[in-house]
Amino acid sequence: MGAVDTEKSIKLVNLVNEKNICLELKGRNKKALLEELVDFMAKSSGKIRDKKSFLTVLLKREKLGSTGIGGGVAIPHAKSPKVKNFLLVLARHTSGVDFGALDGEKTYLFFVLISPENNVGGHLKILAEISRLVKDKFIVDLLKKAEDKKEILRVISAYEQ
């Protein structure tokens, strides 16, 4: 979870590492999941002091329309003045949950992005790269079935080659 040169192409493998992958989400509804995701993000990054404000920006974004894009994937995201670098977490709910996805199906994979408020271009580039990755149903299936964090990283890295 570091700095990203937004002038160059974005590689998710440069933003995601084992520390910021969660394979055992437990939440049963959107608010509980977002709370769990913010807690995980705070622990994995060490950069979130005010969890309530991050939860608030994510919930506010969800009110504009669900970030459950369908195909078993959600991309909760928001911009915040409280971060200097991009924070990205990849999390998985093994049994799936109703996240208000556009296709009405359960959501299993969550890519959570918090971006610096003044870096809209980088925010959009990262969202576009996540969207490209998860548009591939085969990749989504591999991520859903991955045995461990190393396998998740191998799938993302192989896709981005």
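General remarks:
- Neighbour count of at most 11 Cβ within 10 Å plus DSSP loop: longest GluC sites (Glu not before Pro)-free window in the chain: 25-146
- For residue 22, residues with placed amide H under 5 Å, excluding near neighbours: 90, 91, 92
- When the pairs 19/125; 52/137; 26/125; 47/149; 11/60 are compared against a 31 Å limit on Cα-Cα distance, 52/137 fall above it.
- Separation of the residue 9 and residue 138 label points, Cα + 7 Å toward Cβ, nm: 1.8 nm
- Using a cutoff of 8 angstrom between alpha carbon atoms and counting only pairs six or more residues apart, the relative contact order for the stretch 36-157 works out to 22 percent.
- Within the chain, helix-based [θ] at 222 nm, where runs of 4 or more DSSP H residues each add -39,500 (n - 2.57), nearest 500: -13500 deg cm²/dmol
- Approximating the spin labels as points 7 Å out from Cα along Cα→Cβ, the residue 160-to-residue 64 distance works out to 2.4 nm.
- Label reach from residue 98 (point 7 Å along Cα→C-beta): in the stretch 17-49, amide nitrogens under 17 Å belong to 27-34.
- For the stretch 61-161, Kirkwood radius (reciprocal of mean inverse C-alpha pair distance, Å): 14.1 Å
- Taking Cβ atoms as reference points and 11 Å as the exclusive limit, the residues near residue 13 contribute a net charge of 0, counting Lys and Arg as +1 and Asp and Glu as -1.
- Placing dummy labels 7 Å off each Cα toward the beta-carbon, the span from residue 28 to residue 82 is 2.8 nm.
Each value in this text was obtained by applying a stated rule to the coordinates, not by laboratory testing. All of these numbers come straight from a predicted model, not from anything done at the bench. A quick note on method: Cβ atoms are made from the backbone with ideal geometry, for glycine too, and the neighbour counts reach across all protein chains shown.
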